[in-house]
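The block underneath contains the structure these notes are about, expressed in structure tokens.
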Amino acid sequence: MKISILTLFPKMFENFLSESIIKRAIEKGLVQFEIIDIRTFSKLNNNQVDDTPYGGGAGMVMMVEPVVDAINSVKTSESKVFLMSPSGKTFKQSMAFSFSKEKHLILICGHYEGIDERIKYYIDGEVSIGDYVLTGGELAAMVVSDAVTRLVEGVIKKASYEEESFTNNLLDYPTYTKPPIYDNHAVPEVLLSGHHENIRIWRVEEQIKKTREQRPDLLE
Ligand code: ADE
């Protein structure tokens, strides 16, 4: 799959793309990233891409034309275009799964006080990563790209995400590694027992317990 990210701050993605699982997924050819600098599509002096809002108000608004030109420079019949915005639909694991089946995602990072509303005629939807306002959509695009990339076939083992948080509306079970006792805190005995069925049952019980404590909304 390919992910194209349209941004005014392309350098923000350099470290993101050059570490860990994302880096390996790119090297293996499982995902392809393309970072597009929206500013290069400005037709104005000083590469201007924003202006004051009609009707007055604080801040600057990104102009629609350079953003649409940037979309059109990468868009094909297989592309899905999403604007990162706090007003979007909340990003969930289920959305990450459906995005991971797409051939080409185009993620637009908004800045300033947002993008001219007429961008809505050129996108497939808006995505928010949570109920808070970031200085721009870049971190949101990284969050979405990261969650999607690890679900692309071959990037990580299927078993790593089949049982994890949210896949079945339950939080993950607790995990432990060596040493067996740290500062008087022992690893639960069942995990040292080698009894696979008991371990499986214990893990499901812990998932339910943890979900009830931390995220009762998921059980409704
Ligand atoms: N841009 C600013 N805040 C955002 C959020 N919460 N989600 C997505 N994009 C954003």
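The values are calculated or read from the model by the stated rules, or taken from the named source; none is laboratory data. Quick caveat, the model's predicted, so the values are computed rather than measured. A quick note on method: Cβ atoms are made from the backbone with ideal geometry, for glycine too, and the neighbour counts reach across all protein chains shown. Protein only, heavy atoms only, side chains kept; ligands, DNA and RNA dropped before computing areas. Shrake-Rupley method; radii C 1.70, N 1.55, O 1.52, S 1.80 Å.
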> What's the number of the condition GLY130 fails, among (1) closer than 17 Å to ILE36 by Cβ; (2) within 16 Å of the ligand (Cβ to nearest atom)?
Replying inline: (1)
> Are any of the residues in segment 73-83 open to solvent by less than 20 Å² (accessible area, probe 1.4 Å) and within 14 Å of the ligand (Cβ to nearest atom)?
Replying inline: yes
> Of GLU138, GLU153, GLU117, which residue is in the same structural domain as MET63 (by TED's automatic domain parsing), surrounded by 18 or more Cβ atoms within 10 Å (Cβ to Cβ), acidic (Asp, Glu) and in contact with a helix residue (DSSP H, G or I) (Cβ under 9 Å, 6 or more places away or on another chain)?
Replying inline: GLU138
> Can you tell me which of LEU219, LEU192 is open to solvent by 70 Å² or more (accessible area, probe 1.4 Å), of a type in the set (A, V, I, L, M, F, W, C), touching a residue at least 12 places away in the same chain (Cβ under 8 Å) and in contact with a Pro (Cβ under 8 Å, 6 or more places away or on another chain)?
Replying inline: LEU192
> For segment 125-135, what are the residues that are open to solvent by less than 90 Å² (accessible area, probe 1.4 Å) and in contact with a strand residue (DSSP E or B) (Cβ under 6 Å, 6 or more places away or on another chain)?
Replying inline: GLY125, GLU126, VAL127, SER128
>> Just the residues that are within 16 Å of the ligand (Cβ to nearest atom) and either part of a helix (DSSP H, G or I) or within 10 Å of the chain's Cα centre (by Cα) (or both), please, taken from segment 133-176.
In response: GLU138, LEU139, ALA140, ALA141, MET142, VAL143, VAL144, SER145, ASP146, ALA147, VAL148
> For segment 99-114, how many residues are open to solvent by less than 60 Å² (accessible area, probe 1.4 Å) and of a type outside the set (A, V, I, L, M, F, W, C)?
Replying inline: 6
>> Anything in segment 84-116 that is within 15 Å of the ligand (Cβ to nearest atom) and without any contact (Cβ under 8 Å) to a residue 40 or more places away in the chain? List them, or say none.
In response: LYS89, MET95
> With respect to SER4, is the statement that it is modelled with pLDDT of 95 or more and loosely packed, with under 15 Cβ neighbours inside 10 Å true?
Replying inline: no
>> Just the residues that are at pLDDT 95 or above and either closer than 10 Å to SER85 by Cβ or under 14 Å from the mean Cα position of the chain (by Cα) (or both), please, taken from segment 111-122.
In response: ILE115, ILE119
>> For the structure I just gave you, tell me whether ASN15 is open to solvent by 90 Å² or more (accessible area, probe 1.4 Å), farther than 25 Å from SER145 by Cα and either in the same structural domain as VAL152 (by TED's automatic domain parsing) or in contact with a Ser or Thr (Cβ under 8 Å, 6 or more places away or on another chain) (or both).
In response: no
